[in-house]
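The values are calculated or read from the model by the stated rules, or taken from the named source; none is laboratory data. Quick caveat: nothing in here was measured; it's all calculated off a predicted structure. Counting neighbours? That spans all protein chains shown, and the Cβs are built from the backbone with ideal geometry, glycine included.
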Amino acid sequence: MPIKTKGIVPRTWRWIKRIFLFLLFLQFFYILILKWINPPFTLTQLSSLFHGYGLKRNYVSMDAISPYAKLAVIASEDQLFPDHDGFDFKSIEKAMKHNQKSKSLHGASTISQQVAKNVFLWQGRSWMRKALEAYFTFMIESVWGKKRILQMYLNVSEMGKGVFGIDAAAQHYFNKRAKTLTRSESAMIAGCLPNPKLFTIKPLSRHVAARYPWIINQMYHLQDDPDIIKLLQ
């Protein structure tokens, strides 16, 4: 007896559209609630547990973070953070030109892009992940605002093997809370961010030892910028 195929394709297509709309609503709702609620976990944190690094984290409010820590990550990772809409196109163009000529790859991700990746996605360099990163970057810039993005960055970024967030890093490296971090301590933590598993603070790696004085110098240059001052308050 022949299988009736009439109507199967339209029904399948309707189900695909419903599933797509449901997932679209679900991810938008998740983005919206994360404006006020911290993520229960991220894929990077789960990966850390899976690979045996453990998971040390402690989400804290902006009031519980030293202004030096906020300034240090801006100085180190994204000095145009208050001014762009999530993407630094000049830095992206410069990185692309460098990567075409050199085997050592340079990134140009803004703080917003890094938050989009760390909160919603996985680590990697595939085009699919970059496309999703661009979408989530646009969404959090539109929904969260700069202060929430900076707070999330300071809470979810990996800052050592199994160490996530500035408060966990402050306790792990300096036996203190994030609110009391000094300028130098904040710069050291910011110095490890490109690769916290490789660029260690204790023992102090050559990379962090060379980079954190530069970060301190940049912090002095940026600390009087009115837009940055608003983010530090």
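Brief remarks on what is shown
- Condition check for E93 on (1) among the acidic types (D, E); (2) more than 17 Å from the chain's Cα centre (by Cα); (3) modelled with pLDDT under 95; (4) closer than 27 Å to M188 by Cβ: one failure, at (4).
- Among the candidates V163, V156, the residue that is within 22 Å of S47 (Cα to Cα), touching a residue at least 60 places away in the same chain (Cβ under 8 Å), in contact with a Ser or Thr (Cβ under 8 Å, 6 or more places away or on another chain) and crowded, with 18+ Cβ neighbours inside 10 Å is uniquely V156.
- The set of residues from the range 139-172 being assigned to a helix (DSSP H, G or I), over 14 Å from N58 (Cα atoms) and of a type outside the set (K, R) comprises M139, I140, E141, S142, V143, I149, L150.
- When M188 is tested against (1) assigned to a helix (DSSP H, G or I); (2) closer than 30 Å to I31 by Cα, exactly one condition is not met: (2).
- Note on the range 30-54: among residues that are in contact with a Gly (Cβ under 6 Å, 6 or more places away or on another chain) and within 17 Å of W122 (Cα to Cα), the one that is surrounded by the fewest Cβ atoms within 10 Å (Cβ to Cβ) is Y53.
- Qualifying residue in the range 163-172 (condition: more than 24 Å from K35 (Cβ to Cβ), at pLDDT 95 or above and aromatic (F, W, Y)): no
- Which numbered condition F41 misses (of (1) under 30 Å from L198 (Cβ atoms); (2) outside any loop (DSSP other than H, G, I, E, B)): (2)
- Set F81, F87: member being modelled with pLDDT under 90 and not basic (K, R): F87
- Filtered residues of the range 121-153 (kept if of a type in the set (F, W, Y) and touching a residue at least 40 places away in the same chain (Cβ under 8 Å)): W122, F136, F138, W144, Y153
- Of all residues in the range 191-221 being in a helix (DSSP H, G or I) and either of a type in the set (K, R) or touching an Asp or Glu at 6+ places or on another chain (Cβ under 8 Å) (or both), the one that is farthest from K161 (Cα to Cα): R211
- In the set (1) more than 17 Å from A170 (Cα to Cα); (2) at pLDDT 95 or above, Q233 fails one condition alone, (2).
- Options M219, M188; residue that is farther than 20 Å from R57 by Cβ, crowded, with 20+ Cβ neighbours inside 10 Å and not hydroxyl-bearing (S, T, Y): M219
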